[in-house]
């Protein structure tokens, strides 16, 4: 009995200490290796001082004065790495990487159930070290917007979250997963799934306006097919005029437009229409790559899901999906490093949730595949921090560890510059901080 009381008292004391740390106005991370997100050399024995929601000072232990007082809590992180919270520019919160049952799940899930599931997915994403995420379009009656607002108002926990609403696609196009006898025609009612049909520039313009009216942060356009849908995945869908109409509406409201594009012609159409971001971007040749670099267009490469389908899809995915994945993976292995050498802006865009086998919370695994394809670990980290923040348009707030930025910080065991897989292991995550508030902290003692 005495032993039980002693154990209970110790647990209560630990809980009280943890609560004090999390509520303290000033937090000091002391002694870690700093990777600041800019690509600069790491700094040993670093000290990061956080005041309220922002980073106040960054320096080296012994050269920076550590504040004192009752509202100051010092957290020693010797032997660990301090880095910016990760930013995933492309997830889908309406799903969780289920390998089968896409149509059945779409039919049997309404927007309320999708949103309730999304609460769990977003919490899991945040606890994995992703402090900012952008959805690539989850539809379901704009439930993303409700989730974003609930996070911002403090009702639920999640990463800083940016929304796309419904994919805009042509009639029968990729992203619209209902069969024709259940779906709506072009210009018809909006159905609870991931995409809406639109045909002709007028309807594409109206669809973009509808998404913007509901409060989305970015417009998602589907301009080609995909290996998950039957047919040639490189087949262009939308016309340049249709794409341009939606892009113009996004830009008028100060928003960016991202285009799902597989195949040279589809990517070219999107670029000529003025999109800001290419999603997937398989089969990009030198001319298209140079055009993307010249225009400053970002690439969300979504490499891992293709590799996962190649590795796991036989007998479970349709044959056209598996064979298509093999071709896409071959293309990526041949050309990804060339895009880097040309200076293309490549960011962490995982497609987590929305593709088979890729679950929420596994976002950092995308970085490991980027390194496998030719990125250095430092480049991969920049792609998931500084460049990703620029892609979303929040580089003034997050993405690097520097005074004045919001304190979105990840502390992990080991050194991801030596092994990027350090970021993929849940056991390595020591601390996740969002806007100065500790979301998760491992208790080693």
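Where a number appears in this text, it was derived from the coordinates with a stated rule and is not lab data. These figures come from a predicted structure and were not determined experimentally. Methodologically, a virtual Cβ is constructed for each residue, glycine included, from the backbone with ideal geometry; neighbour enumeration extends over all protein chains shown.
The spread of Cα positions in region 308-445, taken along each principal axis and listed from longest to shortest, comes to 49, 39, 27 Å.
Relative protection proxy for 380-391, 210-221, 59-70, from highest mean packing down: 380-391, 210-221, 59-70 (other beta-carbon atoms within 10 angstrom). Report summary: the helix-based calculation at 222 nm, which adds -39500 (n - 2.57) for every DSSP H run with n ≥ 4 and divides by the residues of the chain, gives -11000 deg cm²/dmol. Sorted ascending by nearby beta carbons within 10 Å, beginning with the fewest, 291, 300 become 291, 300. Length gained on full extension, residue 53 to residue 120: 21.7 nm, using 0.36 nm per residue less the C-alpha separation.
Across all directions, the shadow cast by the convex hull of the chain built on its C-alpha atoms averages 22.8 square nanometres. Between residue 213 and residue 376, the contour length at 0.36 nm per residue exceeds the alpha carbon distance by 54.6 nm. Ordering 177, 282, 358 by the number of other Cβ atoms within 10 Å of each residue's own Cβ, fewest first, gives 177, 358, 282. Between helix 200-213 and the chain there is an angle of about 20 degrees, using the helix long axis and the longest principal axis of the Cα atoms. Here region 342-423 is treated as a Stokes sphere of Kirkwood radius computed over C-alpha pairs; at 10 °C and 1.306 mPa s its diffusion coefficient rounds to 117 µm²/s. For residue 66 and residue 421, what is the calculated FRET efficiency with R₀ set at 45 Å and r taken between the beta-carbons, to the nearest 0.05? Efficiency, rounded to the nearest 0.05: 0.85.
The C-alpha atoms of the chain define a longest principal axis, and helix 286-295 lies at about 60 degrees to it.
Calculated FRET efficiency, residue 342 and residue 312, Cβ-Cβ r, R0 35 Å, to nearest 0.05? That pair, residue 342 with residue 312, gives E of 0.65.
Restricting attention to the chain, close to 45% of DSSP beta bridges with both partner residues there are antiparallel. With both labels modelled 7 Å from their Cα along Cα-to-Cβ, the residue 232 to residue 100 distance reads 3.1 nm.
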